Amino acid sequence: MTDLWIHPGMVILVGALLLPFIPRTPAVLKSYLVTVPVLAFLSVLLMEVPEEGTSALLHGQFMVLGWKLTFGRVDALSNIFGHIMTLMCIIGTIYGLHVKDIKEHMAAWLYVAGSLGVIYCADYIVLFLFWELMAFSSVFLVWFRKRKESLPCGYRYLLVHTAGGLFLLAGFVLRYKLTGALDFNLLDVNNPALYTYLITIGFILNAAVPPFHAWLPDAYGEATVSGAVFMCAFTTKTAVYALARGVAGLDILIPMGVFMALYGVVYAVLENDARRLLAYHIISQVGYMVTGVGIGTQMAINGTCAHAFAHILYKGLLFMGCGSVLYMTGKSKFSDLGGLYPKMPRAFVYTLIGGLSISAFPLFSGFVSKSMIVAAGFSEHMLWPAFLLTLASAGTFLHTGLKVPYFIWFGKNNCSKETWEKAAEPPMNMEVAMFTASFLCIFIGCYLPYLYDLLPYSKEASAYAHHVYSAYHVSESLQILLFTALGFFMFTKKLAPEPTISIDMDWFYRKGGRAFFWLARKPIQTFDTWFGEVYRTVGLHPLMTTAKFWSWFDWHGIDGVVDGLARLVRSVGARLRSVQSGRLQYNIYYAVVIVAVLIVTYVYG
Amino acid sequence: MIVKFIEYLRARMKLVIRLSYLVLGLLMVHYGIFVDKSSAHTKMELLFFFWAAFGFIACVLIIFLSKWYGHVKWFGTDFRVMSPEDYYDD
């Protein structure tokens, strides 16, 4: 397989572009939908991966405008991410097999292709190209929900990602200007420059690190049922890959990651919508990975990769479980659900497996991955981060392992008669996808070599494999989790769903934007009225009482100036008002584009 | 099958709860007496109830602090993090 190298992203990309020409016969279409991601997965499996310690294999290099673009860099790090992304693409596509609108499949596949493009590229130009492809294709997964809220929600998502992309662009252009390098490798994190931080901001925005995280629950709660399954896997974990590749060992990521892990937990307590709760737990779980990247040791990077791998499967599974409830009943809020276990027992079991995996229960996938990051923290003597991450994992079990299954399948039955009647096990394809993901979650937790052999640093991985199921670690985890469960059942009433939404950082561009326009409009209006007053006293009144000269002067002097100014101000005010009545997103988008143009001209100027 | 099993357990709720308490107790006893604690990171972990207390206190802290954060009136205004569902509607 050395001679012929096939980019797995290319397989998906071509597959997506050919999709409109595939006959609509269900059998043909469905087999095509399954075949393409399977081919991509095979191309990853058959790829030659260089031995540890040797340099990466480079494929698909082109010279464009004097820049060398590299589309294919294969090493252990890109291999493990390519493996899990294509695997998740198979599961996600099967889960969405019943979706008739092929545009949704196309959007999902282009999105996956973007993610794979980022994973296998080796320079910032190609990275940026695919980075933007991800944002601009995944937004359709929100819009295809076709609710009234979907459109503005999609625009907000796009707006934030465009801003993030611009930070990334500014970062690597600045780096190119200063060093002449465009390669996508580890930056000098011990002497970070401005461009290091700009690139990092671009990456952490996609990784949903606070304060750049509010797009995630906003969009993932609003996405289509199968779209959310794709979204929860690709954007944040591709960003984790980019961080691990580009800025491993950047210290500031440690406190950021720990904060993230706890922040997600706090908001998950408050959340009433099951899918938004899961979205906040993505933030929490990615917090572990960001911490791992910040620690940057071999063990920590192993942990980050392992956790990203396990996370994609169990989070996909959780979104599939809650998505199937939404698909069948049309409801995703705890205050509209409850007591569904006799109606959807298998969906309950799958979701519970996802919940136990994310909570790092022994024998489930999270147990063998999450603990590696915590252990890396302890072995670097970072006691605070390690204990705080352990605390966050209690919160994870509290919500995803207990709250989600309890308030959907048990607890107080809040279902309306209609919801109750509609509730039933989801279609076959959804169950196949959930079964596959459940199986993999348990398989990874029980059979260590599958995941550990894929990790970038194999020696560290096999050393850790001896410790992970030690009596101490198992006992510690079981005690934390089961005593968390005790707390949950003692205070279940306290956690009863409340029909509210939680205000988060998106307030600043949802309400704050309006406040900005109010501020811009109000003083101008005041100024306008004030000018009217001046006009009346200085202009109009003397006109009535004084001589012709005053009258002449008023008409030709003051009126000309004052009225002209007033008209000008009024027209500016009107323009601002009309701008405000348009889509706020567009305006901020324009502002961001202008900033980008300014940055680029400044750098090249 | 799954439903039957769940209903079997629900019919014996008291027994299930008692057994769960027993498991919690045994876990602590087992940890205190039998588990090799040489890989402990701090001295605190040598206490037989350390991780049990850690889990329970973590859970209670997360519930109460988060709920406080969600319900408290910020900056003396009516602004709360947990707002009505129509908060962003025009």
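Rounded if a/c is under 1.5, else prolate if a/b beats b/c, else oblate: with a ≥ b ≥ c from the C-alpha gyration tensor eigenvalues square-rooted, which is region A:346-445?
Oblate.
For region A:228-341, what relative contact order do you get, as a whole percent, if you take Cα pairs closer than 8 Å and at least 6 residues apart?
34 percent
Explain nothing, just the number: dipole magnitude of region B:37-85 about its Cα centre with +1 on each Lys and Arg Cβ and -1 on each Asp and Glu Cβ, in debye rounded to the nearest 20.
160 debye
In a shell of Cβ-Cβ distance under 15 Å around A:G292, excluding A:G292 itself, what net charge do Lys and Arg (+1) and Asp and Glu (-1) give?
Summing Lys/Arg as +1 and Asp/Glu as -1 gives 0.
What FRET efficiency do you get for A:S379 and B:F49 if R0 is 30 Å and r is their Cβ-Cβ distance, rounded to the nearest 0.05?
0.75
Using Cβ counts within 10 Å as a stand-in for footprinting exposure, how do B:C59, A:C89 rank, fewest first?
With the sparsest Cβ surroundings first, the list reads B:C59, A:C89.
Could you work out the mean count of beta carbons from other protein chains within 10 Å of each residue's beta carbon in B:39-45?
What the average comes to for B:39-45 is 4.
To the nearest 10 degrees, how steeply does helix B:2-11 sit against the main Cα axis of chain B, on a 0 to 90 scale?
Approximately 80 degrees, to the nearest 10.
Where nothing but the Cβ of Lys and Arg (+1) and of Asp and Glu (-1) is charged, how large is the charge dipole of region A:67-188 around its Cα centre, in debye to the nearest 20?
Its charge dipole is roughly 460 debye.
Please name whichever of A:M134, A:T25, A:A107 sits farthest to the positive end of the charge dipole of region A:1-155, dipole taken about the Cα centre and charges placed at Cβ: Lys and Arg +1, Asp and Glu -1.
A:T25
When the Karplus curve 6.51 cos²θ - 1.76 cosθ + 1.60 is applied with θ = phi - 60°, which whole-Hz ³J(HN,Hα) does each residue of region A:440-446 get, with x for Gly and Pro?
Working through the residues one at a time gives 5, 4, 6, 4, 4, x, 9 Hz.
Which one of A:H311, A:I282, A:C322 has its Cα pushed farthest toward the positive end of the charge dipole of region A:258-343, where Lys and Arg give +1 and Asp and Glu give -1 at the Cβ?
Among A:H311, A:I282, A:C322, the one farthest towards the positive end of the dipole of region A:258-343 is A:C322.
Using Cα positions and a limit of under 25 Å, work out the lysines in reach of A:K370, with same-chain residues fewer than 8 apart set aside.
The qualifying lysines are A:K237, A:K315, A:K403, A:K459, B:K37, B:K43.
Sorting A:L250, A:L19 on the 10 Å Cβ count, fewest up front, what's the list?
Result, fewest neighbours first: A:L19, A:L250.
Separation between the A:L151 and A:H466 pseudo-spin-labels, each 7 Å from Cα along Cα→Cβ, expressed in nm?
Inter-label distance under the simple model: 6.3 nm.
Scan around A:I501 for amide H atoms under 5 Å from its own, H built in the peptide plane at 1.01 Å from N, and keep only partners 5 or more places away or cross-chain.
Under 5 Å from the amide H of A:I501: B:S83, B:E85.
Is there a quick way to get the dipole size of the protein assembly as shown? I mean about its Cα centre, with the Cβ of Lys and Arg at +1 and of Asp and Glu at -1; what is the value in debye to the nearest 20?
1760 debye
Let me have the 222 nm mean residue ellipticity of the protein assembly as shown computed from DSSP H runs of 4+ only, each contributing -39500 (n - 2.57), with the sum over all residues rounded to the nearest 500.
-22500 deg cm²/dmol
Which lysines, on any chain, are close to A:K30 with Cα under 21 Å apart, when same-chain ones fewer than 8 places away are left out?
A:K100, A:K103
I need the Debye-formula profile for the protein assembly as shown: one equal scatterer per C-alpha, no solvent, reported as log10 I(q)/I(0) at q = 0.10 1/Å, two decimals.
Calculated log10 I(q)/I(0) at the listed q: -0.95.
Report the label-to-label distance for A:N185 and A:I252 in nanometres (one decimal), using points 7 Å from each Cα along the Cα→Cβ vector.
If labels sit at A:N185 and A:I252, their model points lie 2.4 nm apart.
Tell me, what HN-Hα J-couplings in whole Hz come from the Karplus equation 6.51 cos²θ - 1.76 cosθ + 1.60 at θ = phi - 60° for each residue of region B:49-57, using x for Gly and Pro?
Going residue by residue, I get 9, 4, 6, 4, 5, 4, x, 5, 5 Hz, with x marking Gly and Pro.
With unit charges on the beta carbons (Lys and Arg positive, Asp and Glu negative) and the dipole taken about the Cα centre of the protein assembly as shown, which residue among A:W420, A:Y509, A:V74 sits farthest to the positive side?
Comparing the listed Cα positions along the dipole, A:W420 ranks first.
So how do A:E51, A:E104 line up by other beta-carbon neighbours within 10 Å, fewest first?
So the ranking, lowest neighbour count to highest, is A:E51, A:E104.
Return the long-range amide H neighbours of A:D123 (sequence gap of 5 or more, or a different chain), with a cut-off of under 5 Å between placed amide H atoms.
A:T70, A:F184
What's the whole-number percent of alpha carbon pairs in region A:161-302 lying beyond 19 angstrom?
Every Cα pair in region A:161-302 considered, those over 19 Å come to 50 percent.
How would you classify chain B from its alpha-carbon gyration tensor, with a ≥ b ≥ c the square roots of the eigenvalues: rounded for a/c under 1.5, else prolate if a/b is greater than b/c, otherwise oblate?
Oblate shape, in that a/c is at least 1.5 and b/c is the bigger or equal ratio.
Quick note: the coordinates plus some simple rules give every number you see, no bench work behind them. Remember, predicted model here, so these are calculated numbers, not experimental data. Because the Cβ atoms are built from the backbone with ideal geometry, glycine has one as well, and the counts that use them run over all protein chains shown.
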